[in-house]
1. Ile91: part of a helix (DSSP H, G or I), within 24 Å of Pro16 (Cα to Cα) and of a type outside the set (Phe, Trp, Tyr), yes or no?
2. Do we have any residue at all in region 135-157 that's in contact with a helix residue (DSSP H, G or I) (Cβ under 9 Å, 6 or more places away or on another chain) and modelled with pLDDT under 80?
3. Find the residue count for region 1-51, including only residues that are over 24 Å from Leu87 (Cβ atoms), part of a loop (DSSP other than H, G, I, E, B) and of a type in the set (S, T, N, Q).
4. Determine the pairs where a residue that is more than 13 Å from Asp69 (Cα to Cα), located within region 85-109, has a partner that is small (Gly, Ala, Ser) and part of a helix (DSSP H, G or I) with Cβ atoms under 6 Å apart, the partner being 6 or more residues away or on another chain.
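The values are calculated or read from the model by the stated rules, or taken from the named source; none is laboratory data. Everything quoted here is computed from the prediction, not taken from an experiment. Cβ: placed from backbone, ideal geometry, glycine included. Neighbour counts: every protein chain shown.
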Amino acid sequence: MNKQEIINMYFNKNIPVQDIANKFSKSRAAIYKIVKADIRYEETKNFREQKKNELVKENQNLVKKLFFDEHKKVCEIARDLNISNTLVTKIIKSDNRYENEKSRRKLESKKKNVEATKEIVNKKRQRMRSSYDSSIVSGMMLLQKQNAISMSTTRKISTTGIVTANLNHYVYDSKRQKLVFDNSCGDRPIDLPKSIKIHTCDYIPFKAYEESKV
């Protein structure tokens, strides 16, 4: 630890003891021991106390207004007024409203923490619910797709099967030994054959073509 540098920082650069202690990773007591050994210490200490009191007097009304009326934080006030946190704290602690304001802020902070925790829990539940709903929707869409594929898969039906299913639209032509589409039934659907040889469907009961003309 460089004692000369510490003395220079304290007396010439006006750096607070706490900042010097932080820089050298030493305790405040260790720094004070060094600076107090200098003959300038008492004079410097008194001068700084006087300046601090002047700053307090100059800023106390504004500091109190910002803290008690506008409910700003100590660090915000110090930054806005370009003064130290320590000075702000000293001013507000001298006010008889300090303890009540401190309790109010503590309660408010606790309430905000509870609300923040609830919001986090609710968001987590919403994400889980959304994930669950998405899984269901994906499953339903997959099932729908599978069903659509299944329904769209056409089974090849034989000509005999088609005729059998629509036998009431056909008459038997004994001369040609064929089942012939009966035009009296209307226009022939494209999937129905005009005729079919009887030997390909000899098991089908049919009406004779000649009989239908009588």
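1. Details: part of a helix (DSSP H, G or I): yes; within 24 Å of Pro16 (Cα to Cα): yes; of a type outside the set (Phe, Trp, Tyr): yes.
Answer is yes for this residue.
2. Yes, region 135-157 contains at least one residue that is in contact with a helix residue (DSSP H, G or I) (Cβ under 9 Å, 6 or more places away or on another chain) and modelled with pLDDT under 80.
3. Here the count works out to 2.
4. Cβ pairs passing all conditions: Asn85/Ala78; Val88/Ala78.
Listed here are the residues, each with its yes/no results for (1) surrounded by 15 or more Cβ atoms within 10 Å (Cβ to Cβ); (2) under 21 Å from Arg105 (Cβ atoms).
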residue: Ser27; (1), (2): no, no
residue: Tyr32; (1), (2): yes, no
residue: Lys36; (1), (2): no, no
residue: Ile39; (1), (2): no, no
residue: Glu54; (1), (2): no, no
residue: Glu58; (1), (2): no, no
residue: Asp69; (1), (2): no, yes
residue: Lys73; (1), (2): no, yes
residue: Asn82; (1), (2): no, no
